[in-house]
Each structure stands twice: as structure tokens, then as C-alpha cells.
Amino acid sequence: MKYGLILASPTIAGQMASAARADAAGFESVWTTEFFNAHGFVRLAAVATATTRVKLGTAIAYAFMRTPMLAAAAAMDIDELSGGRMVLGLGSGTERMNRDWYSMPFEAPPAPRIKDAIGLVRAAFAAQKGGGLNYEGPHYQVKIPVYSRPRAAREHIPVCLAAVNKGMIRAAAATADGLIGHPVFTRRYIREQVLPELEGSSCTMLPYVVTSIAESTEQARNEARGQIGFYYTTRLYHTILEPHGWRSQGELIANAFKRGDFAAMAAAVTDEMIDEIAIAGTPDEVRDQLKAWDGLSDEVLLYSPSVGVKPERVQENLDAIVDTFAV
């Protein structure tokens, strides 16, 4: 199994340090995230300058809050900067994120539009050698007769798509090189709902795995519990719980969030949920726990909890992840 590291450090300097450490430790990839106060491409460009070998990805960059052309240009910039190590990971974000965070319109369902966005991104990559870019899709139309991309590092940059529900999973199978799983995917959901949709495609599974490593197993599990609870405040993700019969747990979490009762949010996350979603414990325990992902993916993206966790502890955990899974 190959390991990727989600760069959850609270500072850009910390992300660069974690990436350099993972690069030296033989990790396969490192990935930046994006939020309303953090730009995934800018951070990844900084990470590119701190590494020499490891693949560089966005997990994920928002697709609809910027045009596909800007996403393609950023990916090509980082690919050139890094000597051909870029992986472009895109995601639609939720309707609330698009409208409330970025004041952007959101069309439901998002799958048709995301397929068109990836089509335009791939067309931009293919036109790097010159000859112009003329793209006509249902959502995006671009005409640039003089389009070219001098000094391109590669003709093809891998494109991954974040997906949770059926429509987006099928869009990933149809258009993407990889499907980036949500941090609260359970192994059963991957096995029963995701992998069958990817069968026969060239799209590979890249699961996030919430990872907490500490001397105290209880501390590690409580950190994972808080992160899982945070994500399940969003009802859109509750379909992941359905195969387990855990939909009621999702409702408990969402209702606790409405009340502002963060302790109840975490308390509603059961031990069974932690065991299906995360790895948490001492270094020896998490190495053993990760074996449960064998057969689901050739590469896992290890992700440190940060919700309710002090910044210095996040950095400590990232260091522990790299040390524990050094190749």
C-alpha cells in the first residue's frame, strides 16, 4: 500500500515542513485542502518548492467557485514548477458552500456540470502544444484561437474528483483518473457503493483515512470522534451511514450541532463508527488497523483530525503519521 498525507497543518510553513518530511520518508503523495480562508493551489505551489520527489495534489480544490480554465492554469503552473508532479483534485462543494461562502450559483444535481468542467480542463491540457482551444460544452464554452502553453511539463495531468453520492461517483468513473473519498467514508460504503461503480473504468479509489496517533489510545480515538462528528453535521453525507443502519446517529449529531452542543456531537459518534472510518491509537495499533483497508485501494490519504484539536497537537500528529508509515 502507498501512503499520501493530507497537509492539515494550520500554517503554510507547517504544510511545507510536513510535505518535506513525507517526501524524505517515501510517501507517495502530499495534498493540500481548500477552505473559505485557504487557497489550495497557492499552498500547493509553496509545497512544491519544499519537495523533490513526492506527487502533489489538491484534495480538493473547489470546481465551481472558479472557472475550469483557472483550475487548469493553476494545475499547469504547479506541474511546471514541480517538474511534472501535479495531481488536480476537484470537488463541487455543497450548495451552502457555493452560495454562502463564495456567492456563487449552484445547479443541482452537480454531476453534469462537473463532467463538463473536467472536459474543459482536459481540453486545456491537450491544447498546450498550440493550435488554439475551442471547447463547446453544455455548461462551458471557450474560444481562444491563440491558446498554447509553452514549457509545459507534461501533456497529461491526472484529474481526480471528490464524490459522495451516486451521481458524482458515476461522474468520477466516467471522467476522472481517481475518486477522492470523503473523510467519513466507511469501508463498507466504499466496498458496496463506490467500487462497483468504478469497476471497468480507469478511475481508482483514493480514500481519506482519519488518522490519530498518540501514546494514549483514548486520546487518539476521541480526536477521531470529534472529526467524524464535525462532518456528520451535514445531512448530505448521511447516506454513507445508511448501509450500517446508523442514520439515527447522523440525526443526533446534526441536531446537537443545531443546539451548539459540541460535546453531544462527539458523544454521538460510536466506537463502531470510529472503527469503520478511522485509525486511532498507538503507532503499532494504527499500523494494524490500516490493514483493514487492504483490497479497497492501492493508496490511502492519511488525514489528521483538527476539529477541537490544538494546532501544536495537529502538527505533532502529522509528524507521528509520517514516522509511523515511513517507507
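Some observations on this one:
- Inter-residue pairs, beta-carbon under 7 Å, first within 17 Å of M273 (Cα to Cα) and of a type in the set (A, V, I, L, M) and in segment 185-203, second modelled with pLDDT of 95 or more and assigned to a loop (DSSP other than H, G, I, E, B), 6+ apart: I190/G181; I190/P207; I190/L296
- Considering residues of segment 141-164 that are in contact with a Phe, Trp or Tyr (Cβ under 9 Å, 6 or more places away or on another chain) and part of a loop (DSSP other than H, G, I, E, B) only, the residue modelled with the highest pLDDT: I157
- Residue match in segment 178-189 (condition: buried (at least 19 other Cβ atoms within 10 Å of the Cβ), closer than 30 Å to P283 by Cα, modelled with pLDDT of 95 or more and touching a Ser or Thr at 6+ places or on another chain (Cβ under 7 Å)): yes
- Where a residue in segment 240-268 is surrounded by fewer than 18 Cβ atoms within 10 Å (Cβ to Cβ) and its partner, wherever it lies, is part of a helix (DSSP H, G or I) and among the polar types (S, T, N, Q), with Cβ under 9 Å and at least six apart: P243/Q193; R247/T239; D261/N255; A264/N255
- Pairs linking a residue in segment 316-327 that is in a helix (DSSP H, G or I) and among the small types (G, A, S) to a residue that is at pLDDT 95 or above and crowded, with 17+ Cβ neighbours inside 10 Å, with Cβ atoms under 6 Å and 6 or more positions apart or on different chains, are A320/I213.
- Inter-residue pairs, beta-carbon under 6 Å, first farther than 11 Å from L7 by Cβ and in segment 17-42, second at pLDDT below 95 and surrounded by fewer than 18 Cβ atoms within 10 Å (Cβ to Cβ), 6+ apart: G26/V327
- Under the condition of being more than 22 Å from R122 (Cα to Cα) and either assigned to a helix (DSSP H, G or I) or modelled with pLDDT of 95 or more (or both), the residues counted in segment 83-104 number 10.
- Filter pass, T33 being polar (S, T, N, Q) and either on the phi > 0 side of the Ramachandran plot or modelled with pLDDT of 95 or more (or both): yes
- Looking only at residues of segment 192-201 that are under 13 Å from I169 (Cα atoms) and not β-branched (V, I, T), we find that the one that is surrounded by the fewest Cβ atoms within 10 Å (Cβ to Cβ) is E199.
- Unmet criterion (only one of (1) at pLDDT 95 or above; (2) exposed (fewer than 15 other Cβ atoms within 10 Å of the Cβ); (3) over 30 Å from the mean Cα position of the chain (by Cα); (4) assigned to a loop (DSSP other than H, G, I, E, B)) for P138: (3)
- Filter result (out of contact with any strand residue (DSSP E or B) (no Cβ under 6 Å at 6 or more places or on another chain) and either in contact (Cβ under 8 Å) with a residue 40 or more places away in the chain or β-branched (V, I, T) (or both)) within segment 286-297: A292, D294, L296
- Qualifying positions in segment 113-159 - touching an Asp or Glu at 6+ places or on another chain (Cβ under 6 Å), in contact (Cβ under 8 Å) with a residue 60 or more places away in the chain and within 27 Å of Q193 (Cβ to Cβ): P158, V159
- If you go through segment 91-105 and keep only what is buried (at least 21 other Cβ atoms within 10 Å of the Cβ) and out of contact with any strand residue (DSSP E or B) (no Cβ under 6 Å at 6 or more places or on another chain), you end up with just S92.
The values are calculated or read from the model by the stated rules, or taken from the named source; none is laboratory data. In this text the structure is predicted, and so the values were computed from the model without any measurement. Positions of Cβ are generated from backbone atoms using ideal geometry, with glycine treated the same way; all protein chains shown enter the neighbour counts.
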